[in-house]
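Working notes, beginning with the structure itself.
Just so you know, all these numbers are worked out from the coordinates, no wet-lab data involved. What you are looking at is a predicted structure, and each value in this text was computed from that prediction instead of being measured. Every residue, glycine among them, receives a Cβ derived from its backbone with ideal geometry; neighbour counts consider all protein chains shown.
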Amino acid sequence: MAREISTHKIGGLSPFELAEPRSLGEAIALLDAREPAVRPMGGGTALMLMMKAGVLRPTRLVNLRRLGLDRLEVDASGALRAGAMVTLRALEVSPVVSKGWPIITRTLRRLSNVRVRNVATVGGHIAHGDPHMDLPPLLSALGATVTIAGPRGERNARVEDLYAGYLETTLARDELITQLVVPPMARRRAAYLKCTTRSADDWPALGMAVVLEGARASIVVSAATDKPTRLAAAEEILAGKTLTDALVAQAAKAAQEIQIDGDLHGSAAYKKHLIGVYLRRAVHEARDARH
């Protein structure tokens with residue numbers, strides 16, 4: 001079936017085309033690598049807020065809802081595969097996810113509110129590039145990857161390699177995330193903690209993800225930096241050693257040496273303190289976790 005294109009005007013927003021392609025190839029063809037005013041749309045939760053704030057005035061939105069990217073399954077290797085249009089709520093209530101990746105389920109329960117999770121999609125959440133998002137630091141620590149489709153075919157990328165700065169990603173404007181792949185938890189243990197200054201589901205002042213696997217620790221921080229950032233110095237201190245309180249405190253101190261950005265959720269000095277506190281808490285929670 002041919003794609004559908006209609007013109008829309010909502011409230012005080014500038015008119016824009018809404019395209020609804022029926023295939024991935026059509027969707028990619030409707031995007032424009034040279035035109036930032038042409039955007040793909042998943043759930044549209046962040047997109048509509050940006051439009052209403054006047055930050056974004058698109059000439060065309062390419063709706064991805066008819067592309068069949070809403071499958072959620074475990075593959076033969078035991079990895080979780082979530083299509084880009086799987087909603088965050090579907091991920092949250094999935095028995096497959098809660099059994100195999102309970103850390104994702106726990107994280108989602110404090111991600112915004114259920115009204116947003118009912119609409120927001122996996123692909124849109126990952127591609128948005130806001131460092132205050134909850135899933136990117138956790139997915140980065142878990143070693144998750146995404147499949148990306150564009151005019152030159154498909155490529156795979158680690159989630160942690162998607163981010164270039166505040167609201168900046170390494171995705172080309174004519175590329176789309178089509179799938180998220182999360183490796184099996186196996187014997188790994190994980191924790192994600194966030195500090196909010198208002199309600200528990202608010203944007204975090206700091207997000208801290210820790211994944212422990214044997215003698216290796218994977219630690220990624222967000223909201224205190226302009227993108228999800230791996231705390232390599234802390235990881236190196238913990239690698240191959242028994243996680244004593246003194247060692248974890250040493251790692252927490254090393255983690256505080258990264259470039260920290262203050263914002264309306266907290267000053268740089270406040271967030272520096274939070275990094276030390278929340279790294280210690282997250283390591284201990286991951287160490288005691290069943291998954």
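Return the FRET efficiency for the residue pair residue 197, residue 168: r is the Cβ-Cβ distance, R0 is 25 Å, and the value is rounded to the nearest 0.05.
My answer for the efficiency is 0.50.
With the alpha-carbon atoms of region 72-182 aligned to their principal axes, the span from lowest to highest coordinate is 36, 33, 24 Å, starting with the largest.
Summarising the amide proton neighbourhood of residue 163: residues at separation of 5 or more, or on other chains, whose placed amide H is nearer than 5 Å comprise 170. For region 206-222, the residues whose amide N sits under 16 Å from a probe point set 7 Å from the Cα of residue 232 along the beta carbon direction are 217-221. Let me know the whole percent of all Cα-Cα pairs from region 10-92 that are separated by more than 20 Å. So the portion of pairs separated by more than 20 Å is 43 percent.
Remark on residue 18: its backbone amide H falls under 5 Å from those of 6, 7, 8, 61, a criterion applied only to residues 5 or more positions apart or on other chains, H modelled at 1.01 Å from N.
Think of each Lys and Arg Cβ as +1 and each Asp and Glu Cβ as -1; about the Cα centre, that makes the dipole of the chain roughly 600 debye.
The length gained by stretching the chain between residue 243 and residue 158 to full extension, at 0.36 nm per residue less their Cα-Cα distance, is 27.9 nm. Roughly what angle does helix 268-288 make with the longest principal axis of the chain, taking Cα atoms, 0 to 90 degrees, to the nearest 10? Roughly 80 degrees between the two axes. Taking other Cβ atoms within 10 Å as a rough exposure proxy, 23, 218, 77 sort from fewest to most as 77, 23, 218. Close amide H partners of residue 41, meaning residues 5 or more places away or on another chain with modelled amide H under 5 Å apart, are 62, 63, 64. Applying the criteria of a DSSP loop state and at most 13 other Cβ atoms within 10 Å to the trypsin sites (Lys or Arg not before Pro) of region 91-162 yields 109, 152. Every Cα-Cα pair of region 189-288 was included, and the share exceeding 16 Å stands at 50 percent. List the aspartates and glutamates whose Cα lies under 19 Å from the Cα of residue 52, skipping any in the same chain that are fewer than 8 positions away. Once the sequence-local aspartates and glutamates are set aside, what remains near residue 52 is 17, 130. Other residues with beta-carbon under 12 Å from the beta-carbon of residue 92 carry, at +1 per Lys or Arg and -1 per Asp or Glu, a net charge of +4. Reported to the nearest whole Å, the Cα centre-to-centre distance from region 253-289 to region 93-146 is 20.
Could you tell me what fraction of 2.2 N^0.38 Å the Cα radius of gyration of region 142-228 comes to, as a two-decimal ratio? Could the numbers behind the result be given before it?
Values: Rg = 15.2 Å, N = 87, 2.2 N^0.38 = 12.0 Å.
Ratio of Rg to 2.2 N^0.38 Å for region 142-228: 1.26.
In this label model, residue 268 and residue 113 are separated by 3.4 nm, measuring between points 7 Å along each Cα→Cβ vector. Rg over Rh for the chain works out to 0.98, using Cα positions for both radii and the Kirkwood form for Rh. The HN-Hα couplings worked out from phi for region 197-207 by the Karplus form 6.51 cos²θ - 1.76 cosθ + 1.60 (θ = phi - 60°) are 9, 10, 6, 5, 9, 6, 4, x, 6, 7, x Hz, whole numbers, x standing for Gly and Pro. Angle, helix 245-255 long axis vs. longest principal axis of the chain, Cα atoms, 0 to 90°, nearest 10? Helix 245-255 sits roughly 40 degrees off the main axis of the chain.
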